[in-house]
Amino acid sequence: MSTLIPRVMATPAALAFIEELRRRHGPLMFFQSGGCCDGSAPMCYTVGEFNLSESDVCLGTLGGTPFYIGREQFAYWEHTQLIIDVVNGNGGMFSLDNGTGRRFLTRSRLFTDAENAQLRAQPPISHGA
């Protein structure tokens with residue numbers, strides 16, 4: 001049996017920041033923004049603060065925190081592993097990192113051909129499923 005390939009992962013600094021925000025705000029969730037107000041930033045919310053739709057998919061979890069993306073956005077990034085990091089700066093205006101002096105940032109890398117072949121057998125989970 002092969003090991004699952006994470007579609008989303010976090011740096012140690014991002015995991016520590018997630019835990020800090022969880023202690024302050026309670027259970028969290030992420031949604032990868034696809035533009036509009038905050039560009040393509042990973043947005044962090046308390047669970048229930050952001051309404052997911054049946055067209056959203058869960059890419060995985062970061063330190064126990066679910067990470068979602070819209071199906072259309074996923075279609076653009078499905079060949080890319082998202083790596084969530086934290087850097088100095090202002091967060092998205094609706095994200096819990098706003099006002100902390102730090103913000104989440106999405107970095108990425110292309111999956112290899114072998115990883116893409118394996119990923120076809122492990123599609124992301126639709127929120128409505």
Residues of the range 58-97 being within 22 Å of L4 (Cβ to Cβ) and among the hydrophobic types (A, V, I, L, M, F, W, C), in sequence order, are C58, L59, L62, F67, I69, F74, A75, W77, L82, I83, I84
Leading residue by the ranking (nearest to L110 (Cα to Cα)) among those in the range 42-73 that are of a type in the set (A, V, I, L, M, F, W, C) and surrounded by fewer than 22 Cβ atoms within 10 Å (Cβ to Cβ): C58
For A121, work out the one condition from (1) hydrophobic (A, V, I, L, M, F, W, C); (2) without any contact (Cβ under 8 Å) to a residue 12 or more places away in the chain; (3) over 21 Å from T3 (Cβ atoms) it doesn't fulfil. (3)
Going by the structure shown, is I84 buried (at least 18 other Cβ atoms within 10 Å of the Cβ), in contact with a helix residue (DSSP H, G or I) (Cβ under 6 Å, 6 or more places away or on another chain) and under 27 Å from A117 (Cβ atoms)? yes
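Since every read-out is calculated from the coordinates, none of them should be taken as a lab result. Keep in mind that what you see is a predicted model, and the values were worked out from it rather than measured. For neighbour counting, all protein chains shown are included, and Cβ atoms are generated from backbone atoms with ideal geometry for every residue, glycine included.
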